[in-house]
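Worksheet: the structure to be examined is printed underneath.
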Amino acid sequence: MQAKAGIHTFPATKKSNSLTTSHLRHLRNLRNLRIDLLHLSNRPAHIVMTSPMPPFLTAIGLMSGTSLDGVDAAWLETDGQTIRKTAPAITLHYEDSLRADLRHLLDIAPTLAPTDPRLLSAERRLTEDHAMAIALLARPAQLIGFHGQTILHAPDARKTWQTGDAALLARLTRTPVIHDFRSNDVRNGGQGAPLVPLFHAALAENLQKPLLIVNIGGVANLTYLGPNGEILACDTGPGNGPLDDWIFAHTGQPYDEDGKIAQNGHARQDRLALLLSHPFFAKPAPKSLDRLTFSALVAEATKSLTLEDGAATLAAFTAAAIATALNLIPPTGRPVRILVCGGGRKNRAIMSRLQKLVEAPVEPVESAGWDGDALEAQCFAYLAVRSYLGLPLSLPTTTGVKTPTTGGVLVHPT
């Protein structure tokens with residue numbers, strides 16, 4: 001994962017010059033003691049919830065995405081409709097051992113028991129890192145939106161699994177936690193993803209429409225905002241996941257920085273055609289997928305390719321999948337602008353390829369004044385407030401759920 005502009009990042013394996021003395025003390029205590037929140041007593045006290053709730057609530061959102069590189073933490077103030085305030089976000093990078101364990105859980109999740117010691121160990125460490133990220137953010141909040149780490153997403157089988165111990169996080173932070181955002185949508189016939197469209201709509205309230213917002217994380221998804229209030233969304237296909245795995249397997253690096261390796265290769269059109277033959281692309285929207293949906297096909301399509309050509313082909317695959325998804329949008333509603341968030345916006349090979357495939361200008365979300373690294377964490381702060389207030393998190397046009405549906409489970413500290 002690349003260092004993020006406009007966002008404080010905290011590597012898990014070495015001290016950062018960005019850390020204050022207080023943060024270093026917190027970090028040392030948390031790493032050595034595997035979290036004892038008594039060492040965080042200098043952190044500002046959390047606001048105590050009162051009843052009735054005020055119209056605007058403060059929340060911290062936490063997102064550990066399919067790239068598996070760390071947790072983003074972001075704060076905002078909202079009434080579940082309007083976003084009144086945001087603040088600088090932070091990223092805490094996972095230790096290599098935790099990232100490796102989480103990656104292994106993806107492979108074994110279909111047969112994994114909830115009591116498996118490997119799962120419980122990773123879940124505890126992941127939750128502790130989330131609590132550490134909140135401590136480093138050092139902002140009081142009334143709610144925490146805890147997405148957890150997706151290790152399995154199979155909505156057609158009515159399964160979605162985000163690991164993370166919400167009760168532990170509530171206890172460590174002494175703050176109510178809302179988690180399990182996706183399950184209710186899946187239970188009601190939805191895909192459980194993407195959940196970010198309503199947040200995108202709130203952010204883009206004053207932007208020109210039609211507008212397309214594309215998130216390129218481990219998996220890529222889009223939100224289409226029409227001129228008359230229409231909201232359409234779906235996963236588009238692979239994001240950075242297959243490319244990250246390819247780079248790591250061949251170089252030991254976690255990602256292709258700025259797309260430099262891909263830019264030095266040539267996308268193989270025959271292999272790209274094979275990748276785009278996956279049945280996912282023939283499905284109507286809304287639709288969603290798992291990070292490993294394309295793993296077997298990617299292995300076949302990249303066999304015998306050089307490092308550079310494999311990277312170029314996988315970058316082209318991500319861009320082509322996004323461009324293909326534009327066919328799901330009514331021809332009369334073609335976007336005037338495409339805003340891109342997530343780590344993929346920093347990959348020049350993906351961005352330049354995508355621009356060649358579409359007519360509208362392709363720009364990072366920073367061009368609209370947004371923080372492209374904090375958006376997903378901000379989203380789950382926003383959704384936590386909506387969940388608390390009983391507002392919908394998903395729509396029939398975003399996940400395929402039968403009716404607008406709320407979600408999330410509230411856990412109080414004990």
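Computed from the coordinates by the stated procedures, all read-outs in this text should not be read as laboratory data. Please read all numbers here as calculations on a predicted model, not as lab measurements. Glycine gets a Cβ as well: all are built from the backbone with ideal geometry, and neighbour counts include every protein chain shown.
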| message | Using Cβ counts within 10 Å as a stand-in for footprinting exposure, how do H179, H104 rank, fewest first? | response | H104, H179
| remark: Long-range amide H partners of A220, meaning residues 5 or more apart or on another chain whose placed amide H is closer than 5 Å, are T236, G237, G239
| message | Please compute the contact order of segment 197-368 in relative form: average sequence separation of alpha-carbon pairs under 8 Å and at least six residues apart, divided by the residue count, as a percent. | response | 29 percent
| request: Show me 379-385, 68-74, 286-292 ranked by packing, highest mean number of other Cβ atoms within 10 Å first. | output: 379-385, 68-74, 286-292
| Between Q355 and T115, how many nm apart are label points set 7 Å from Cα along the C-beta direction? | 5.6 nm
| message | Strictly greater than 13 Å: what percent of every Cα pair in segment 130-197 meets that? | response | 66 percent
| request: Taking amide H positions as placed in the peptide plane 1.01 Å from N, state which residues far from V340 in sequence (5 or more) or on other chains have amide H under 5 Å from it. | output: V214, E363, V365
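Give the order of V362, V336 when sorted by the count of other beta carbons within 10 angstrom, beginning with the fewest.
So the ranking, lowest neighbour count to highest, is V336, V362.
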| query | When the chain is treated as a GNM, springs tying every alpha-carbon pair under 10 Å, which of T223, T399, T82 comes out with the largest mean-square fluctuation? | reply | T82
| Here are several values of log10 I(q)/I(0) by the Debye sum over Cα atoms at q = 0.06, 0.13, 0.15 Å⁻¹: (i) -0.22, -1.11, -1.51; (ii) -0.57, -1.35, -1.49; (iii) -0.32, -1.15, -1.35. Which one was derived from the coordinates shown? | (i)
| query | Whole number please: convex hull volume per residue of the Cα set in segment 197-368, in Å³? | reply | 105 Å³
| request: Amide H neighbours of G189 under 5 Å, at least 5 residues apart or on other chains, H built in the peptide plane: list them. | output: none
| task | Rounded to the nearest 10 degrees, what's the angle between the helix 21-33 long axis and the longest principal axis of the chain, both from Cα atoms, 0 to 90? | result | 90 degrees
| remark: Karplus-derived 3J(HN,Hα) from phi for segment 317-326 (6.51 cos²θ - 1.76 cosθ + 1.60, θ = phi - 60°), whole Hz, x at Gly and Pro, runs 4, 4, 5, 5, 5, 5, 4, 4, 5, 5
